[in-house]
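Read-outs: derived from the displayed coordinates by stated rules, not from any lab. Nothing here was measured: the structure is a model prediction, and the numbers come from that model. Note that each Cβ is placed from the backbone with ideal geometry, even for glycine, and that neighbours are counted across all protein chains shown.
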Amino acid sequence: MGTPSFAVPVLEGLIRDYDVLMVVCQPDKKKDRKGNIEYPATKRVALANNIEVFQPVKIKSDYQRIIDVNPDIIITCAYGQIIPDVILNFPKYGCINVHGSLLPELRGGAPIHWSIIRGYKKTGITIMDMVSLMDAGDIISQESILIDDDMILDTLYERMSYLGRDLLLKTLPSILDGTCTRVKQDDDKVTFAYNVRKEDTKIDFSKNSLDIKNLVRGLNSTPGAYCYLDGKRMKVYEVEILGKTNSECYGEIVRVDKDGFVCVTGDNLIKIKDLAIEGKKRCLACDYINGVGKDELVGKVLV
């Protein structure tokens, strides 16, 4: 049970080593205004391997097909819906989740995003029992991964997807033969990583430069951090922290270099180096500067 590309390595590993009876994922989505349909990443893998696909709109009430295939074990990885107890308690070997954090930290739907946004130096994968309370089940195994200072979401997301596959395949035999150990989570150490909302993605230039850089890294490339320039939405994909500033005109563009424009934050100057203006394609800041001219940018304020 999984939907996005993060779950694909896990699914492919299971297909290689086990008999996968079914893939359960979220419904298809409209790709564009023409009505073209986009399949979930896991559905594409399932179809390529002649595996049955089940896509309930609301699994809370539409789950009988899962019961009918009578699975020995259910593996979940970024599925996207709350799974009812009748499913969690049905398989012989339980329902096992591949979660993208070192639980009990970062319970929720966007642990990878928030690990970068909050400036974590380390995160990891947890293999755990599924229970009705979100990400609260017993821990079976964990493995950590370091977060480099310049690592972006896309890079960490991909690396963790393969880490999840490898840790699951290493852990599964002990689950199936009953030799694995389980550790209850420490409720005093619980933190949450809720799904990223639109208001979470807006850059506040009054904050310190490191917080801004972490926000930009943690949202690169989807959904992207943003601000406004001349009333147009501008997504920001890379910033560089420069020297200290005493200015309190947060967001003001004070200088334009060859590779980006420099603006004021709560503590330092930062240089914006990669961006996308509303209605236009993503580009390097140097290309944007060449198009509008340096003199047009100095003195303007990003909000």
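Brief remarks follow.
- With R₀ fixed at 35 Å, the C-beta to C-beta distance from Ile145 to Val292 puts the FRET efficiency at about 0.30.
- Residue of Gly80, Gly109, Gly279 that the Gaussian network model of the chain assigns the largest fluctuation, springs spanning Cα pairs under 10 Å: Gly279
- Proximal charge balance of Asp135 [Cβ under 14 Å; K/R count +1, D/E count -1]: -2
- Sum of -39500 (n - 2.57) over DSSP H runs of 4+, divided by residues of the chain (222 nm, nearest 500): -7500 deg cm²/dmol
- Cross-link partners of Lys244 among lysines, defined as those whose alpha carbon lies under 29 angstrom from its own and excluding same-chain residues fewer than eight positions apart: Lys121, Lys122, Lys202, Lys207, Lys213, Lys232, Lys235, Lys258, Lys271, Lys273, Lys294, Lys300.
- Of (1) 1.15; (2) 1.07; (3) 1.69, the label for Cα Rg over 2.2 N^0.38 Å derived from the coordinates: (1)
- Trypsin sites (Lys or Arg not before Pro) lying in DSSP loop within segment 3-36, provided at most 14 other Cβ fall within 10 Å: Lys31, Arg33, Lys34
- In plain terms, the chain from Lys244 to Asp85 could stretch by 51.8 nm, reckoned as 0.36 nm per residue minus the Cα-Cα distance.
- Contact order normalised by residue count of the chain, Cα under 8 Å, 6+ apart, percent: 13
- Zone residues, segment 30-60, relative to Leu169, backbone N less than 18 Å from point 7 Å out along Cα-to-Cβ: 42, 45-46, 49
- Per DSSP, loop chymotrypsin sites (Phe, Trp or Tyr not before Pro) in segment 1-87 with at most 14 further Cβ within 10 Å: Tyr18
- Reducing segment 45-70 and segment 186-226 to their Cα centroids gives an inter-centroid distance of 34 Å.
- Inter-label distance, nm, simple model (7 Å from Cα along the C-beta direction), Thr155/Lys122: 2.0
- Between Tyr18 and Ser206, the FRET efficiency estimated from the beta carbon spacing at R0 = 45 angstrom works out to 0.30.
- Among the trypsin sites (Lys or Arg not before Pro) within segment 134-234, those in coil by DSSP and having at most 16 neighbouring Cβ atoms inside 10 Å are Arg182, Lys184, Arg197, Lys207.
- Springs join every pair of Cα atoms under 10 Å in this Gaussian network model of the chain, and among Gly119, Gly291, Gly164 the largest mean-square fluctuation is at Gly291.
- One chain, two ends: Thr222 and Lys184. Fully extended at 0.36 nm per residue, the span grows by 10.4 nm beyond their Cα-Cα distance.
- Computed FRET value (nearest 0.05) for Lys31 with Gln64, which takes r as the C-beta separation and R₀ as 45 Å: 0.90
- Helix runs (DSSP H) in the chain reaching 20 Å along axis by Cα, Kyte-Doolittle at least -1.0: 153-176
- Size of electric dipole in segment 198-296: Cβ of Lys, Arg +1 and of Asp, Glu -1, about Cα centre, debye, nearest 20: 300
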